[in-house]
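**Q** Questions regarding the structure given below will be posed in turn.
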Amino acid sequence: MRILLVEDEQKLANSLANNLRSEGFAVDLAFNGESGKDHALTYAYDLIILDVMLPVIDGSEVLKIIRAKNRNVPILMLTARDSVQDKVKFFEAGADDYLTKPFSFAELFVRVKALLRRRLASQVDVIQIEDFELDRMTHIVKRAKKRIDLSNKEYALLEYLAINAGRVLSRSMIMEHVWDQSFENLTNIVDVYIRQLRTKIDEGYKAKLISTVRGSGYVFGKEAID
Ligand code: CA
């Protein structure tokens, strides 16, 4: 899952981003409205966290611009104001939720999970391919009924592969969804994680779930589907 955080208070932004990353999310940061808007319109995010008081372009303006192009991405507004009119204005402009500053990370994380869960509810929660099972709500992964322990990042990568089962995914597509811009020059990180996943998911099983497509990338579930 990839999140965009648009927040001009750099200390707050960095601390939120670090906390979200330790929960397994890829997080891109933008420190003003213009850059936030550019990111939002360029990359496919699963969630956008948007501060209201921003330099260059105000957050409520950024919200309108994003909504005009993308009706589906959940947007959580961060606001220092707490007036009823502001809230009504945000919801009318297409925000999904808002949080009044100051807030704790725990509070933010609850909102983030709720918004992502709502988004997931409209999609499949359990991905099943032969003896492989991945539950997107609980993050429990099983093969032949045996539970497989994964790190947050391994899970994020596996989920992206499994959602796109049967489709060839290039390293840069994988990078873009599972990692954030701070990893942009480390394309071999994908191969490193794929190797780890193979050890956990495929070792000891006859049908391999992760296949390499020479020169293109990886495909999940191909042998099992064919
Ligand atoms: Ca601000």
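**Q** Since G33 meets every condition but one in (1) over 30 Å from N164 (Cβ atoms); (2) among the small types (G, A, S); (3) open to solvent by 20 Å² or more (accessible area, probe 1.4 Å), which condition does it not meet?
**A** For G33, the exception is condition (3).
**Q** Can A30 be described as more than 16 Å from the ligand (Cβ to nearest atom) and within 26 Å of N152 (Cα to Cα)? Steps first, please.
**A** Numbers: more than 16 Å from the ligand (Cβ to nearest atom): no; within 26 Å of N152 (Cα to Cα): yes.
Considered against the rule, which asks whether it is more than 16 Å from the ligand (Cβ to nearest atom) and within 26 Å of N152 (Cα to Cα), A30 comes out as no.
**Q** Next question, about the same structure. Criterion first (part of a helix (DSSP H, G or I) and away from the ligand (no atom under 16 Å from the Cβ)) does V62 satisfy it?
**A** Values: part of a helix (DSSP H, G or I): yes; away from the ligand (no atom under 16 Å from the Cβ): no.
So V62 does not fit the description; no.
**Q** While we're looking at this one, here's another question. Here are some conditions: (1) closer than 16 Å to D46 by Cβ; (2) in contact (Cβ under 8 Å) with a residue 24 or more places away in the chain; (3) among the basic types (K, R). K89 meets all but one. Which one does it not meet?
**A** (1)
**Q** Moving on. Where residues in segment 72-92 are away from the ligand (no atom under 16 Å from the Cβ) and either open to solvent by less than 20 Å² (accessible area, probe 1.4 Å) or within 20 Å of K113 (Cα to Cα) (or both), which of them is modelled with the lowest pLDDT?
**A** Quick first cut of segment 72-92, residues away from the ligand (no atom under 16 Å from the Cβ) only: 72-74, 83-85, 87-89, 91-92.
Subset that is either open to solvent by less than 20 Å² (accessible area, probe 1.4 Å) or within 20 Å of K113 (Cα to Cα) (or both): 72-74, 91.
Numbers: N72: 86, V73: 93, P74: 95, F91: 89.
Going through the qualifying residues, I end up with N72.
**Q** Among the residues in segment 93-106, are any away from the ligand (no atom under 16 Å from the Cβ), assigned to a helix (DSSP H, G or I) and closer than 20 Å to M1 by Cα? Can you show your working first?
**A** Start the filter on segment 93-106 by keeping residues that are away from the ligand (no atom under 16 Å from the Cβ), which leaves 93-94, 96-97, 104-106.
The next check asks that each one be assigned to a helix (DSSP H, G or I); those that pass are 105-106.
From what's left, closer than 20 Å to M1 by Cα: 105-106.
Within segment 93-106, one or more residues are away from the ligand (no atom under 16 Å from the Cβ), assigned to a helix (DSSP H, G or I) and closer than 20 Å to M1 by Cα.
**Q** Considering every residue within segment 57-71, establish whether at least one is at pLDDT below 95, within 25 Å of E23 (Cβ to Cβ) and either loosely packed, with under 14 Cβ neighbours inside 10 Å or among the aliphatic types (A, V, I, L, M) (or both).
**A** No, the conditions are met nowhere in segment 57-71.
**Q** Give I201, I194 a once-over and let me know the one that is under 27 Å from A17 (Cβ atoms), touching a residue at least 24 places away in the same chain (Cβ under 8 Å) and open to solvent by less than 10 Å² (accessible area, probe 1.4 Å).
**A** Working: I201 fails: under 27 Å from A17 (Cβ atoms).
Criteria check complete, one pass: I194.
The values are calculated or read from the model by the stated rules, or taken from the named source; none is laboratory data. These numbers come from a predicted model, not from an experiment. Reconstructed Cβ throughout: ideal geometry from the backbone, glycine too, with neighbour counts over all protein chains shown. These area figures cover heavy atoms from the full protein model, side chains too; ligands, DNA and RNA do not enter into them. Shrake-Rupley method; radii C 1.70, N 1.55, O 1.52, S 1.80 Å.
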